[in-house]
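The values are calculated or read from the model by the stated rules, or taken from the named source; none is laboratory data. The model shown is predicted, which means the values in this text are computed figures rather than measured ones. We place every Cβ from the backbone using ideal geometry, glycine too, and count neighbours over all the protein chains shown.
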Amino acid sequence: MNLSTVDHHYFYTNDNVKLHYVDKGEGIPLVMLHGWSQSTEQYKYQIELLSEKYRVIALDMRGHGQSEKVAYGYKIYRLAKDLHELLSYLDLNNTVVLGHASGAAVMCCYWELFGGERLAKLIFVDKIPVLTSNPMWSSAEVANYGSFVDPVSSMSFVNTLLSDSANKAKTILLHRQITKHILPEDERLLIETTCRFSNPEAAVLLYNEFHQDCRDVVPRINLPTLIIVGRGSPTPVSSQVWMNLSIPNSQLVIFEVEEGGKHFTFIENPQKFNRVVDDFIQLKPQV
């Protein structure tokens, strides 16, 4: 899908940042948050197809995509505030919010700040409860929390983003997150998008995400929740099982590697991804 064919809109946050969002379709609002260093473009297949049934709104988080490039606010809690302001600006209620990776971290922070205000359902895609491990944790705790980087490694990558090797490191990381079956044009899109995001701001945001801890937030989520993960994703499936067991009225869907099951399931297998999301939105809440 060419996003030039859809409606583009902007609004200003309370700290005077001009944010871009795509708004297409009618019906139940489905707000989508992209991952670290990506943009609304990563949801091109969802915007095209799900907007036939829902009002699909995809937000470019500050500094990303077509949103204003500023030198401040690259913290997960600030992005959660931006989300809250978007929902308020559009006066959305009973909203389904879908977040991928960093976007899902924003959703957890939103829940801690605002609870279920304006929300109806949540969809987490590759959400890790705690990215950076604690050397004191047991192997079972590390598996439950999905902590696949240690403090030294996390800082090493953040510092690489501040060097001349930043875009090379971003590209290598992205190649680890996709399967060999991804369409060449989709691979190029992901690489080009991640390399467009300012590296100093990318470093600040990733540092902040590395230090987010949602372990106490996850069990307090009481809305219907869908958890999606790829079997071959860097996100450990064990952590998604932990989230599924911790959130009442949640369901877990695992994409196998041969069906596009790495970090970008919505791009590599949009047919199944959209069907799973549609089924979840249509599912009546349990009484």
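Here are a few things to note about the model shown:
- Of residues in segment 45-57 being in contact (Cβ under 8 Å) with a residue 60 or more places away in the chain and closer than 16 Å to H100 by Cα, the one surrounded by the most Cβ atoms within 10 Å (Cβ to Cβ): Q46
- The set of residues from segment 243-260 being surrounded by fewer than 22 Cβ atoms within 10 Å (Cβ to Cβ) and either assigned to a helix (DSSP H, G or I) or not aliphatic (A, V, I, L, M) (or both) comprises N244, L245, S246, P248, N249, S250, Q251, E256, V257, E258, E259.
- The numbered conditions (1) surrounded by fewer than 16 Cβ atoms within 10 Å (Cβ to Cβ); (2) assigned to a loop (DSSP other than H, G, I, E, B); (3) not hydroxyl-bearing (S, T, Y) are all true for P234 except (1).
- Test: residue in segment 55-77 that is more than 24 Å from A202 (Cβ to Cβ), among the polar types (S, T, N, Q) and in a loop (DSSP other than H, G, I, E, B): no
- Per-region count, segment 145-175, residues touching a Leu at 6+ places or on another chain (Cβ under 8 Å) and of a type in the set (V, I, T): 2
- The one condition from (1) over 26 Å from E187 (Cα atoms); (2) more than 18 Å from the chain's Cα centre (by Cα); (3) modelled with pLDDT of 95 or more that N249 does not meet is (3).
- Unique residue being modelled with pLDDT of 95 or more, under 26 Å from E209 (Cα atoms), surrounded by fewer than 19 Cβ atoms within 10 Å (Cβ to Cβ) and acidic (D, E) when the list is D23, D60, D15: D15
- Filtered residues of segment 36-54 (kept if part of a loop (DSSP other than H, G, I, E, B) and either in contact with a helix residue (DSSP H, G or I) (Cβ under 9 Å, 6 or more places away or on another chain) or of a type in the set (K, R) (or both)): W36, S37, Q38, S39, K53, Y54
- Checked against the criterion of being touching a Gly at 6+ places or on another chain (Cβ under 9 Å), of a type in the set (K, R) and surrounded by 13 or more Cβ atoms within 10 Å (Cβ to Cβ), the candidates K127, K170, K121 yield just one match: K127.
- Residue tally, condition polar (S, T, N, Q) and within 18 Å of L189 (Cβ to Cβ), over segment 9-50: 6
- Listed conditions (1) closer than 22 Å to K284 by Cα; (2) free of Cβ contacts under 8 Å to residues at least 40 places away in the same chain; (3) buried (at least 21 other Cβ atoms within 10 Å of the Cβ) are all met by V97, apart from (2).
- In segment 201-215, the residues that are in a helix (DSSP H, G or I) and either within 15 Å of the chain's Cα centre (by Cα) or not aromatic (F, W, Y) (or both): E201, A202, A203, V204, L205, L206, N208, E209, F210
- Of the helices (runs of 4 or more DSSP H) lying entirely inside segment 118-200, the ones with 3 or more residues being among the β-branched types (V, I, T) and touching a helix residue (DSSP H, G or I) at 6+ places or on another chain (Cβ under 9 Å) are found at 184-196.
- Matching residues, segment 261-287, being outside any loop (DSSP other than H, G, I, E, B) and either without any contact (Cβ under 8 Å) to a residue 60 or more places away in the chain or more than 13 Å from Y45 (Cα to Cα) (or both): Q271, K272, R275, V276, D278, D279, F280, I281, Q282
- For first residues located in segment 8-35 and under 20 Å from T193 (Cβ atoms) and part of a loop (DSSP other than H, G, I, E, B), partners that are of a type in the set (K, R) and modelled with pLDDT of 95 or more and lie 6+ apart or on another chain with Cβ distances below 6 Å form the pairs V17/R62.
- If you go through segment 116-157 and keep only what is of a type in the set (V, I, T) and over 19 Å from the mean Cα position of the chain (by Cα), you end up with V142, V152.
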